[in-house]
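S.K.: Please find one structure pasted underneath; my questions will follow.
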Amino acid sequence: NGYKDDRYGWNFVDQVPDPVIDPAGHGTHVAGIIGAEGNNGIGTTGVTWDVQLMPMDVFGITDGAKFNELQFWYKVLEAVDYAVDNGADVINMSLGKLFNLNARQFFQNYPQFHQDTLNTLQKAVNNGTTVVIAAGNEKKDFNSQRWISYPAVYSEWIPGVISVASVANNGDFASYSNVDSKVTIAAPGG
């Protein structure tokens, strides 16, 4: 597939078959919610025990700092293509960026980036992959302000792309979660 020795995943920043697994990291936390094996006396239980995870690292050791912002997001799109090409049924994207623009302004200011994102996410859905994206953690209500959370905003236009807000253990939205009527669903997060 063009990614040499990627048996255990891929690090898209450093272009090596060594995704950085951070036991205290958010991606690891979400992977546990998804697939932590239960009934073993260790930690928590995931929502499904019969799952295969495909680790993909878009931050790397340098936290993506070797790239400018658009280059970083193109690495994320490369990771989405990789997951689709390697048979992922679901892609979880526990990441995002807040833009102080409404959707129309975003599309006008970044036309090629918008089109590339649209094409990548639509390809994923067309191939039967569900894409789940964090709504963001900036405490924004997108109904009352001119903000978008990229790439979660694409859940408005592509069926099969789902944006997720965070719910606290009391059932309310987490204090940090972005919310609005356009968020698809809420899930445990903090």
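S.K.: From Cα pairs below 8 angstrom and at least 6 apart in sequence, can you work out the relative contact order of the chain, rounded to a whole percent?
M.R.: 15
S.K.: Starting from 0.36 nm per residue, how many nanometres of slack lie between Q122 and Q71 once their C-alpha separation is accounted for?
M.R.: Full extension from Q122 to Q71 adds 16.3 nm.
S.K.: Now for a separate question. Compute the relative contact order of the stretch 1-95 as a whole-number percentage, counting only Cα pairs closer than 8 Å that sit 6 or more residues apart in sequence.
M.R.: Answer for the stretch 1-95 is 26 percent.
S.K.: Using 13 Å as the cut-off for backbone N distance, which residues of the stretch 1-39 belong to the label zone defined by a point 7 Å from the Cα of I61 along Cα→Cβ?
M.R.: Under cut-off, by backbone N: 13-21.
S.K.: Which pairs break 20 Å Cα to Cα here: K97/K123; K97/K139; K139/K182; K75/K139; K4/K97; K75/K97?
M.R.: K97/K123; K75/K139; K4/K97
S.K.: Another question about this same structure. Where Lys and Arg each count +1 and Asp and Glu each count -1, what net charge lies around Q15 among other residues with Cβ under 12 Å from its Cβ?
M.R.: Here the count lands on -3.
S.K.: Over the chain, what is the percentage of antiparallel beta bridges among all DSSP beta bridges, to the nearest 5?
M.R.: 25
S.K.: Subtract the Cα-Cα distance of A168 and T48 from 0.36 nm times their separation in residues, and report this length gain in nm to one decimal.
M.R.: Value of the extension gain: 41.1 nm.
S.K.: Whenever you get a sec, compute what percent of the accessible area on the stretch 59-190 sits on carbon and sulfur atoms (1.4 Å probe).
M.R.: Taking all protein chains in place, the stretch 59-190 shows 50 percent carbon and sulfur surface.
S.K.: Treating the beta-carbon of each Lys and Arg as +1 and of each Asp and Glu as -1, no other charges, what is the dipole magnitude of the stretch 77-151 about its Cα centre, to the nearest 20 debye?
M.R.: Charge dipole, the stretch 77-151, about its Cα centre: 420 debye, nearest 20.
S.K.: What is the dipole size for the chain, taken about its Cα centre, with +1 at each Lys and Arg Cβ and -1 at each Asp and Glu Cβ, in debye to the nearest 20?
M.R.: Computed charge dipole of the chain: roughly 560 debye.
S.K.: Under 19 Å between alpha carbons, and skipping anything fewer than 8 positions from K140 in its own chain: which aspartates and glutamates qualify?
M.R.: E156, D172, D180
S.K.: Ordered by residue, what ³J(HN,Hα) values in Hz, to whole numbers, does the stretch 56-61 give under the Karplus form 6.51 cos²θ - 1.76 cosθ + 1.60, where θ = phi - 60° and Gly and Pro are x?
M.R.: So the J values, rounded to whole Hz, are 9, 10, 10, 9, x, 5.
S.K.: Another question, then. For the chain, what class follows from the C-alpha gyration tensor (a ≥ b ≥ c being the square roots of its eigenvalues): rounded when a/c is under 1.5, otherwise prolate if a/b is larger than b/c, else oblate?
M.R.: oblate
S.K.: For the chain, what does -39500 (n - 2.57) per DSSP helix run (n ≥ 4), summed and divided by total residues, give at 222 nm, in deg cm²/dmol to the nearest 500?
M.R.: Result for the chain, helices only: -8500 deg cm²/dmol.
S.K.: Out of residues 5 or more away from M93 or on other chains, whose amide H comes under 5 Å of its own, with H placed 1.01 Å from N in the peptide plane?
M.R.: Counting only residues 5 or more places away or on other chains, the set is V132, I133, A134.
S.K.: Something else about it: Hey, can you rank 69-79, 39-49 by average C-beta count inside 10 Å, highest first?
M.R.: Result, highest mean Cβ count within 10 Å first: 69-79, 39-49.
The values are calculated or read from the model by the stated rules, or taken from the named source; none is laboratory data. Bear in mind the structure is a predicted one, so any value in this text is a computation, not a measurement. Positions of Cβ are generated from backbone atoms using ideal geometry, with glycine treated the same way; all protein chains shown enter the neighbour counts. Accessible surface areas use protein heavy atoms only, side chains included; no ligands, DNA or RNA. Shrake-Rupley method; radii C 1.70, N 1.55, O 1.52, S 1.80 Å.
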